[in-house]
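Undergrad: I have a structure here, written as structure tokens, and I will follow up with some questions on it.
None of the figures in this text is laboratory data; all of them are computed from the coordinates on show. These numbers were taken from a predicted model, which means no experiment stands behind them. Heads up, the Cβs are rebuilt from the backbone with ideal geometry, glycines too, and the neighbour counts pull from every protein chain shown.
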Amino acid sequence: MRQILTTSQRGCRVGGSVLRGAPRLALFVGYRPGHGICAQVGNTSLLLQQAKSNRGSTTGEEKTMQSMARYGTGNLARAKVFYDAIAEILGATCITDRENVAGYKGPTGGMFMIGTPFEGEANAGNGSQVVFPAASRAVVDAVYAKAIELGGKCEGAPGLRGPQEMNYYAAYFRDLDGNKLTVTRQGVD
């Protein structure tokens, strides 16, 4: 970090100018690898610009924590009807359609896959949940309505969740195999 401002009891020096009566402090600004452009005043650090990282990516995409999620199904043809319909509302498309698996992807984010297990029977994981982001609250409502229309089970109708200031709008439901899904819109439409 490079010190760009210094103050003392007599005044503050910024470049060649002196400001009288400023409290004693120092301002440092610099680049911290993996963090971005940071500023520090006393014991307070501020992130001014987030660093972008391509570590782990061979395509130049920004690094994300999750690149794919997968659920199992006992009937892929039936599951595809369900997921084709909600994917369309979310702005995603089926990009992988094989005998034992279907994969969906939107314009951003990772891929979601539904398929028959490699071994044994498909079952819904206790505590498992996949969350799909929606462009608006109306999209959350539409996906939820379509899921229920197609035989999904309600686990929480669309509405605000958590503290009001979070603006976290979500709907919870299970697919035809009992896998739990959430569709969310965080923020104001």
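Undergrad: Please check which bits of segment 89-116 a label hung off residue 68 would reach, taking the label as a point 7 Å along Cα-to-C-beta and the cut-off as backbone N under 18 Å.
TA: Of the residues in segment 89-116, 93-116 have backbone N under 18 Å from the label point off residue 68.
Undergrad: Let me ask another. What distance in nm lies between label points placed 7 Å from Cα along the C-beta direction at residue 119 and residue 166?
TA: 3.8 nm
Undergrad: A further question follows. Can you give me the distance in nm between label points at residue 88 and residue 111, each placed 7 Å from the Cα along the Cα-to-Cβ direction?
TA: The modelled label-to-label distance comes out at 2.2 nm.
Undergrad: In debye, nearest 20: dipole of segment 91-187 around its Cα centre with unit charges on the Cβ of K, R (+) and D, E (-)? Could you put the intermediate results ahead of the total?
TA: On the way: 9 positive and 10 negative charges, 72 e Å.
That gives segment 91-187 a dipole magnitude of about 340 debye.
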